[in-house]
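Here is the structure we will look at, set down as structure tokens.
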Amino acid sequence: MTATTERAQDTSHLDELAAQLRVDAVRAAAAAGSGHPTSSMSGADLMAVLLARHLRYDFDWPEHPGNDRFVLSKGHASPLLYAAFKAAGAITDDELLTFRKHGSRLEGHPTPRLPWVDVATGSLGQGLPIGVGMALAARRYDDHRPARIWVLCGDSEMAEGSVFEALEHAGHERLGNLTAIIDVNRLGQRGPTRHGWDLGAYARRAQACGWHTIEVDGHDVDAIDEAFARATRVTDGPTAVIARTVKGRGVSAVADREGMHGKPVPDADEAIAELGGIRDLSVRVQRPPAAVAQRPPEPRELRLPVYDQGSDVATRNAYGDALEALGAARTNVVALDGEVADSTRAEAFHKAHPDRFYEFYIAEQQLIAAAVGMRALGLRPFAATFAAFLTRAHDFLRMAAISRTAITVCGSHAGVAIGEDGPSQMGLEDLAMMRALPGSTVVYPSDGNATAHLVAALADAPGIGYIRTTRGATPVLYGPDEDFPIGGSKTLRSSADDRLTLAAAGVTVHEALAAADVLEGEGIPVRVLDLYSVKPVDTRTLHRAAADTGHIVTVEDHRSEGGLGDAVAEAFADGRPAPRLTRLAVGDVPGSASPEEQLRDAGIDAAAIADTARRLLG
């Protein structure tokens, strides 16, 4: 057999495999009565070549240290991914036809319920930033993990700002192990995309960020094969394979037609016949090269920083010190920064462990996405920026929760207590945002020793852990040997005669204590709780305080919606008699003022707390 004949046979096999992927995408969507088969059909040739010729992956061992990683950024094209899994023998045809049905692993958009899916996708613009994090992590293990990261993007999502953040960062880091495949099928959900089939528009954007680019006919399997081969030979930077494709390719009723997005094809049987009928081809995916599995880091003694009671320490400083200590004890801990490490105090980690510190500049979406990608490859990321700026990355946090990923996020400079910088820099919605994430843990320590212990606790917390830190120094209330379990609290003032309970967290704990001292001098005993664990909140202690005092006043440097007050109220949502609840929180939009003036104007300083108690008690 001549080389030309072998090549023709191989081309024919790839064409047939692509046709099978299209047919199975049509079948899955038809069985579900919904889905995105046309978006799947445009990328079928790209997927066929990748699966059969270039992906190195052991489907029996998804955690193989040498496995390439594939991210379907255009997650709505999940029928294509599931059809590929079927061709690889990972799922059966019967399971393929459970697509989108109750209890099926094959959800409308991919999630890690499937062991071959590392991260949830479907919110467009996330796959490439996550791929950047994966590529950085894989490069860290380069001697042992010669893995390549492949990300299949849609052309519509290239309009997302997060994609630009990823293009810039990947180019800056010269990530030669990252390949983006852009499926340019010209049509979005409601009509043509911004650039249509102008491949050069996408190429120029990527090139400007330091990427190698290859423009290709996305339905010519030989050309795709050569493009992918070229991409794997590049080592000095990331590569974008920009493919011109046709949405709904192969079925005349839907090919390159508007209004067909997100719908099964009108006549599945007719479409399947036009595509040549049902096939049952299987693919033997290349096994990954031998690689050394990274052993779990040997636990070393964790020597947390210690602060003297009565001294003044900013909890952001304690965060940096504790993170540095955690990095010394655990070699898989990495720190991620949004160009504010000098303020969040993550700079301490950078100085002690520079090889495990990653700077993402002012790109909060890329910051969180990289943490998700790194976690998928076994690292334990701690990402920090100002609490206010995390709102930019909320969608990435939301999708990280869907991925059930375990990362830790620090939001510093929280609340009006930051002072003169004014409202644009004040995190006042962050507790609500983080509490709303499924499976999250939210803590807000009031002193240095509590902060240190909670940083260590979050390193083992499942899901997303959030720690809120304060800019200014506050008195150290606790000794270094105190315990701060997640879900706990501290009772700082208590007596049998307490007439109400002040429940606070973070900076307002100190204001509540000062108010309690004033009230005590007036013959009004009150209980003071430090609810350092905002989620889960210490319901047992709150129930006891309610039974003893009948009235709880929450005080928080946060908006009243979704923060500490809501956490306390939810502790009484089980039908038991609820105490009288009063909330002190930030209402209006602050201006610039000193921290003391800010707390006073917001009505959450010691004087305002004492006045509230007097008024409530008559």
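A few points about this structure:
- Selection from 539, 475, 199, by position along the positive dipole direction of the chain (Cβ): 199
- For residue 597, net neighbour charge (Lys/Arg +1, Asp/Glu -1) across residues whose Cβ lies under 10 Å away: -3
- Helix-derived mean residue ellipticity, 222 nm - over the chain, DSSP H n ≥ 4, -39500 (n - 2.57), to 500: -11000 deg cm²/dmol
- Summing +1 for each Lys or Arg and -1 for each Asp or Glu among the other residues whose beta-carbon sits under 12 angstrom from that of residue 259 gives +2.
- Here is the P(r) of the chain: all C-alpha pair distances, binned every 10 Å from 0, give 3, 16, 24, 20, 16, 12, 6, 2, 0, 0, 0 in whole percents.
- Euclidean distance between Cα centres, the range 514-562 to the range 31-102, Å: 52 Å
- Each of 532, 358 was scored by other Cβ atoms within 10 Å of its Cβ. Arranged with the fewest first, they read 358, 532.
- The charge dipole of the range 312-475, taken about the Cα centre with unit charges on the Cβ atoms of Lys, Arg (+1) and Asp, Glu (-1), comes to about 580 debye, rounded to the nearest 20.
- Relative contact order %, the range 13-274, counting alpha carbon pairs below 8 Å whose residues are six or more apart: 24 percent
- Length gained when the stretch residue 298-residue 420 is fully extended (0.36 nm per residue, less Cα-Cα span): 39.4 nm
- Remark: 612, 344, 235, 245 ranked as 235, 612, 245, 344, counting other beta-carbon atoms within 10 Å and listing the fewest first.
- Label sites at residue 312 and residue 436, each approximated as a point 7 angstrom past Cα along Cα to Cβ, lie 3.6 nm apart.
- Relative contact order computed over the range 1-133 (Cα-Cα under 8 Å; 6+ residues apart), in percent: 25 percent
- For the chain, the dipole from Cβ point charges (+1 on Lys and Arg, -1 on Asp and Glu) about the Cα centre works out to 1060 debye, to the nearest 20.
- Cut-off under 5 Å, modelled amide H: who pairs with residue 182 long-range: 153, 241, 242, 243
- Contact order relative to length of the chain, as percent, for alpha carbon pairs under 8 angstrom and 6 or more apart: 12 percent
Every number in this text was worked out from the coordinates using simple rules, so none of it is lab data. Quantities reported herein were computed from a predicted structural model and do not represent experimental measurements. As a convention, Cβ positions derive from the backbone with ideal geometry for all residues, glycine included, and neighbour counts pool all protein chains shown.
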